[in-house]
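Some notes on the structure that comes next.
Bear in mind these aren't lab numbers, they're just calculated from the coordinates by the rules spelled out. Note that the structure is a prediction, hence the values are computed from the model and not measured. Reconstructed Cβ throughout: ideal geometry from the backbone, glycine too, with neighbour counts over all protein chains shown.
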Amino acid sequence: MDESNRASSYLDEPPNSRLFLVTSKSITEEIIREHFADFGEIQDIWVVKDKQTKESKGVSFVKFAKSSQACTAMEEMHGKCLAEGTKPIKVFIAQSRSSGSHRDVEDEELTRIFVMIPKSFTEDDLKEKFKVYGNIEYAIIIRNKTTGESKGLGYVRFHKASQAAKAIENCDKTFRAILAEPRTKNASADNDYFTNLRSEHSGNDPGSNSYTFAHESSSYTAGETWSSDIITRCLMVSSRVAVTQEQICGLFDLIPGMDFCEMQRDQYGFSKGHVVVRYNNLGSAVYAKEKLNGFEYPPGNRLSVTYIDDGEDRTSPVGKMAMQLVAAQMMSMVWNGPTGAQLMKTSTGYTAPPTHQKTRVQTDVALPSLKKLVSSDSVVKERLFVIFNPSPLPVDVLEDVFCRFGSLMEVYLVPGRNVGYIKYADRKPAHEAIALLHGKVINGVKMKVMLADPPKEESHKRQRTY
DNA sequence: CGACGGGACGC
DNA sequence: CGACGGGACGC
């Protein structure tokens, strides 16, 4: 035995790599080794014996090199007989020696992992990443309840402890996968969109980008409101996952005055839904944009809503503020009136007048076609530093723009500043993005695009995506 | 001018 | 019911 083996057999390292066995007193270390050797590297077997009589107390510990080995052995060997005429054994993950507890470790504590993920991840993205380790019972993303924005954290529940252990051991380090602490109590998920919608529309949420439709003038001073060049009655709704026309129309028809709602076929062959919605008045469109841009529908899927230049209803920059204030006050009255039942009216069967294809990105730059984002477990090969003037573009718009050179990994905006970072898994797309986008204007926001300096060194932080 | 995030689940 | 030993790195 070399030094590392000896050292690790003294500690409960890695966590959950040691088994606690309850056996007949006749079961010896040799018998245990025979039956458990195939599950992995056994670092130690200890049969607990009476100090005086040297007789086994029917309790043993088996230390494996890895938690996944211990978990697999537990799953396979629990209830088996190791010798003729002996009782079936019980196998548990041993409590760590420092814990002092002798309570059985439940599967509940071993099958759910906690991960850090890109904010753009949906539940399906999460499942895709982790399904290679085993059957996933569910995957959920932690989101801001009001804005629907992902917090970049998620849970994945597997069916078996060995699957969770393998995921933790083998998944990309950037996920920072660890076992999740058990929930304090039983939680029941609330996936009522309308509940969320109502809270979205009534709450004052200082932490979100939602527009506060209050009476005071401070509500329209945020810069982001003005990042778009134009305000029109016509909106482009973009969804990262497939949605039906009926879903989007039902949602946007909650706001009065809808002219029509038409699903656009994505010209790039992606299944990102693009839906054009037009209202018969600017106020409704302003309200819909402010309230539904970033709204999570279905849960995990943030909708993007931008104005489309339909050739009419252009307003001067000077007029925007007044327009939005008027719209805000008008819509505030509308929304303070109806009851929940009235809000829940559904709409179907929209006739769709011909509308020319538009995108949510307004720019004179000739952008390449949309490309897929690469998975977060890729290695960052190049990173861009982007400065926005006067205010940052939304992350979804930035993804739309910066993905078009290929191998985009993540967009990160520095909170409270007009700068952000764009991570690519290849150098070439990053350099092409600089060449095409530096100094250009997107949705009225001028960007400086350059290579980022290397991040600050933090010796204790390792294996970040950057 | 303009620089580096982030770990917990509606009872 | 069924929970914690033995032995000792190497500047």
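Summary table below
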item	result
Ranked packing of A:390-401, A:252-263, most packed first, by mean Cβ within 10 Å	A:390-401, A:252-263
Three-way shape label, region A:364-466, alpha-carbon gyration tensor, a/c 1.5	oblate
For peptides A:450-456, A:436-442, A:177-183, A:166-172, sequence by mean Cβ density within 10 Å, most packed first	A:166-172, A:436-442, A:177-183, A:450-456
Gained length - A:Asp104 relative to A:Val365, 0.36 nm times residue gap less alpha-carbon distance	87.7 nm
Stretch gain in nm, segment A:Glu29-A:Glu13, where the contour uses 0.36 nm per residue and the Cα spacing is subtracted	3.6 nm
Residue pairs, from the table A:Lys166/A:Lys456; A:Lys25/A:Lys90; A:Lys66/A:Lys119; A:Lys119/A:Lys173; A:Lys127/A:Lys166, whose Cα atoms sit over 22 Å apart	A:Lys166/A:Lys456; A:Lys66/A:Lys119
Pairwise FRET efficiency - A:Ile142 versus A:Asp50, Cβ, R0 = 41 Å, nearest 0.05	0.25
Simple label model, 7 Å out from Cα along Cβ direction - A:Glu181 to A:Arg97, nm	2.6 nm
Region A:163-183 residues near the modelled A:Leu153 label - backbone nitrogen below 14 Å, point 7 Å along Cα→Cβ	A:176-183
Full-extension gain in nm, A:Val22 to A:Asp259, via 0.36 nm per residue minus C-alpha separation	78.2 nm
Positive minus negative residues near A:Val91 (Lys, Arg vs Asp, Glu; Cβ under 10 Å)	0
Among A:Val105, A:Thr122, A:Phe36 - extreme Cα towards positive end, dipole of region A:1-146, charges at beta-carbon	A:Val105
Förster radius 45 Å - calculated FRET efficiency between A:Lys131 and A:Glu84, Cβ distance, rounded to 0.05	0.65
Long-range HN-HN contacts of A:Lys66 with modeled amide H, under 5 Å	A:Glu41
